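Below is one structure, written out as structure tokens; comments come after it.
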Amino acid sequence: MTSFRPAPAWLADAVFYQIYPQSFADSDGDGIGDFNGIVQRLDHLVWLGVTAVWLNPCFVSPFRDAGYDVSDYLNVAPRYGSADDLAELVDEAGRRGIRVLLDLVAGHTSDEHPWFTASANDPDDHRYIWAPEGRPDGFVTSPGTRPGAYLPNFFDTQPALNFGYGRKNPAEPWRQPVDAAGPRANREALRTIMDHWLGLGLAGFRVDMAASLVKDDPGRTETARIWTELRHWLDTAHPDAVLLSEWGEPEVSVPAGFHTDFFLQFGGATDGLPLRSLWSNGDGTVNEAWDPLDCFFDASGKGSPRPFVEAWRKASDAVGATGFVSLPTANHDFSRLNCGPRTAEQLPAAFAFQLTWPTLPAIYYGDEIGMRYVGGLPDKEGSVLGPRYNRAGSRTPMQWDDGPGAGFSTAPADRLYLPLDPSPDRPTVAAQRADDGSLLHLVRRLVALRASTPALGSGGSVEVLHTGYPFVYVRGGRYLVVVNPQRNEVRCPYDATREARALEASGVRVGNGTIEAEGFSYGVFDLGR
Ligand code: NOJ
């Protein structure tokens, strides 16, 4: 394995928070969130204990895919503010001990990017993947004077940057090797983009579709080589920066050079099973290709934590001390925790687990108050991916208070980027701040407990005592965690040699050779030394 510089020390204790900039906070009343809005709400993140924020793409874009169609990597989209506003956000966040990561869309650009316009009009330009004649399967007819067709990476408006192919195929003579001029120029461009933002004080990148670079790349070997090369450069040029991949297979991506990788709703050998087996209850964002499953965090109690634990163990064994696995509550492509049959009373157990498991937690904005996935919204900037797969439901405006616009914006309701959750009892930050018994306070306490108890963090050991309902594990040989995400009371044998002092618990009793856990209960206990 190639050796990298150890991950920056700050990463081990990171609590990530994902901000979808369109929907977090709108300072100028145009109905779309912006950088200044985020600055005004930084104190919420500090109060919560967040240490690093990842912003979805905020670059110049025609927004056919909500900004994942970048037309200028080095300038910000005016709707979010100016370059100075972003600089101020980074500065203000830094002053409060919060790092800011941007989103690096590495595998494709917008079809409005000047690189693509040039390529669509010059048959000798190989920054993108072109079939010189006809329109092979999956390709899109050239919009320019150049004949033939280009390969998209996601939507048709997102042409794949050419990083070459992992192998030749006589039937596809247009395939270029990874060291051809176009692929080399693109690798160099990634470095230039990273260098630009890191030089301005950004702390790293979440890398979009990180596994997608080299096409027909068995084992992703050549794609991995690109990230390895970039990581070596980063280790010298920006040793405090981190790369967090959207890959979904930490055992491959971290050895390739990423500091951390997400478990995702897709990806990896088991196509997103580890994450979906925890959260995905068949409602919200559903890909028709996914096999239906009973997830663990469901009132019915038909799931199991086993698929997650097994995948985590495999990933964590492969990653060792070189990097981390990240576990999100949700993301902008996937249902929120509060979705379908999962109600607010079920969320505390989910957070008790997420914030005590040896992964890096990523809280999706609004999940800390239990914002609900909103069904049935119209397509917004490419949110709809399938008949049951509308991402807009996870992208609605942050609910700050009970005022008009929920404190997100002063714009009239019909001018908001997306409608607010229409439920009359939608949760808000203000209401939950005023209530010690709220989910928000619990999340804050759990984050604080994790921060003050290294054994509960990413580096401490974990010993699983019961893989079912309840799910029971011990962190660092000392901290007992019990979660019961189903509605019925359950119990399991427990050899109680040490007294269990509750640090954060509701509905769990430990003792007498048994653990008893009421429906939707959780507990973190100190067993002493
Ligand atoms: C993954 C991003 O998270 C998603 O929102 C986007 O549509 C695709 N990649 C394409 O960039």
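The values are calculated or read from the model by the stated rules, or taken from the named source; none is laboratory data. Keep in mind that what you see is a predicted model, and the values were worked out from it rather than measured. A quick note on method: Cβ atoms are made from the backbone with ideal geometry, for glycine too, and the neighbour counts reach across all protein chains shown. Only protein heavy atoms, including side chains, enter the accessible area calculation; ligands, DNA and RNA are left aside. Shrake-Rupley method; radii C 1.70, N 1.55, O 1.52, S 1.80 Å.
Odds and ends about this structure:
- Near Phe24, once Lys and Arg are set to +1 and Asp and Glu to -1 for all other residues with Cβ below 12 Å from its Cβ, the sum equals 0.
- Apolar share of the accessible surface for the chain: 50 percent from carbon plus sulfur atoms, 1.4 Å probe.
- A 1.4 Å probe, protein heavy atoms only, puts the accessible area of Thr117 near 70 Å².
- Each eigenvalue of the Cα gyration tensor of region 145-213, multiplied by 5 and square-rooted, gives one semi-axis; in descending order these are 27, 14, 12 Å.
- The label-point distance for Arg184 and Arg501, in a model that sets each label 7 Å from Cα toward Cβ, rounds to 6.4 nm.
- Size descriptor, Kirkwood hydrodynamic radius, that averages inverse alpha-carbon separations across region 108-160, Å: 10.5 Å
- Over the chain, relative contact order from alpha-carbon pairs under 8 Å, at least 6 apart, %: 13 percent
- Approximate spin-label separation Asp43-Ala289, in nm, with each point projected 7 Å along Cα-to-Cβ: 4.7 nm
- Estimated D of region 1-150 in µm² per second, where Rh is the Kirkwood radius over Cα pairs and Stokes-Einstein applies at 25 °C, 0.890 mPa s: 139 µm²/s
- Cα-based radius of gyration for region 461-526, normalised by 2.2 N^0.38 Å, reads 0.97.
- Computed [θ] at 222 nm, helices only, for the chain once each DSSP H run of length n ≥ 4 contributes -39500 (n - 2.57): -7000 deg cm²/dmol
- Taking Lys168, Lys380, Lys314 and ordering them by how much accessible surface each has at a 1.4 Å probe, largest first, produces Lys168, Lys314, Lys380.
- Remark: C-alpha extents of region 59-105 on the principal axes read 34, 18, 15 Å, sorted largest to smallest.
- Summarising the label geometry, the points placed 7 Å from Cα in the beta-carbon direction at Ser3 and Asp435 lie 5.4 nm from one another.
- Mean projection of the Cα convex hull over all viewing directions, computed for the chain: 23.5 nm².
- Computed over protein heavy atoms with a 1.4 angstrom probe, the accessible surface ordering of Phe351, Phe520, largest first, is Phe520, Phe351.
- Å² per residue, accessible surface of the chain at 1.4 Å: 37 Å²
- Quarter of Cα convex hull surface for region 388-472, i.e. mean projection, nm²: 9.3 nm²
- Glu88 contributes an accessible area of around 80 Å² to the protein surface, as traced by a 1.4 Å probe with all chains present.
- Computed over region 108-160, relative contact order equals 38 percent, with contacts defined as Cα pairs under 8 Å that lie 6+ residues apart.
- Counting Lys and Arg as +1 and Asp and Glu as -1 over every other residue whose Cβ lies under 14 Å from the Cβ of Ala455, the net charge comes to +1.
- Angle between the chain longest axis and helix 439-452 axis [Cα atoms, degrees, rounded to 10]: 90 degrees
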